[in-house]
Amino acid sequence: MSVTFSACKKDKKTPVCDGSMPTYNTEISVIIQSSCMGSSCHGAGSKHGEWTSYTNLKPQLDNGGFKKYVLEKQSMPKGSSLSQEQLNMIQCWVDNGYPEK
């Protein structure tokens, strides 16, 4: 008779949603406008993807690009960083299906 025990290490995420439901129109657009829409980044006509509206940002949300670079790699915005509060707000928004309104 053989008994095998295996340990599983659970990833414990610190919850970032405090019961609020951030939306693009109320909270997220403010962060994007102030941090992402510089002339050479994601503003009107940008070759890197125009994030001037929810409709323009949605493909990056759907394909995971926004989450990958903003939340996982935290490589955006270039040359600066988002505050932990902003990152938490964005994480909560993404976790809740990135509602527009």
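The values are calculated or read from the model by the stated rules, or taken from the named source; none is laboratory data. Every value quoted in this text rests on a predicted model; they were computed, and no experiment measured them. Here Cβ is always computed from backbone atoms with ideal geometry, including for glycine, and neighbour counts include all displayed protein chains.
Of all residues in the stretch 42-90, count the ones that are of a type in the set (Asp, Glu) and either surrounded by 15 or more Cβ atoms within 10 Å (Cβ to Cβ) or touching a residue at least 40 places away in the same chain (Cβ under 8 Å) (or both). Number of matching residues: 1. Restricting the stretch 29-65 to residues that are over 22 Å from Asn96 (Cβ atoms) and among the hydroxyl-bearing types (Ser, Thr, Tyr), which is modelled with the highest pLDDT? Among those that are over 22 Å from Asn96 (Cβ atoms) and among the hydroxyl-bearing types (Ser, Thr, Tyr), it is Thr52.
Counting only residues that are of a type in the set (A, V, I, L, M, F, W, C) and either at pLDDT 95 or above or within 13 Å of Glu100 (Cβ to Cβ) (or both), the stretch 11-28 holds 2 of them.
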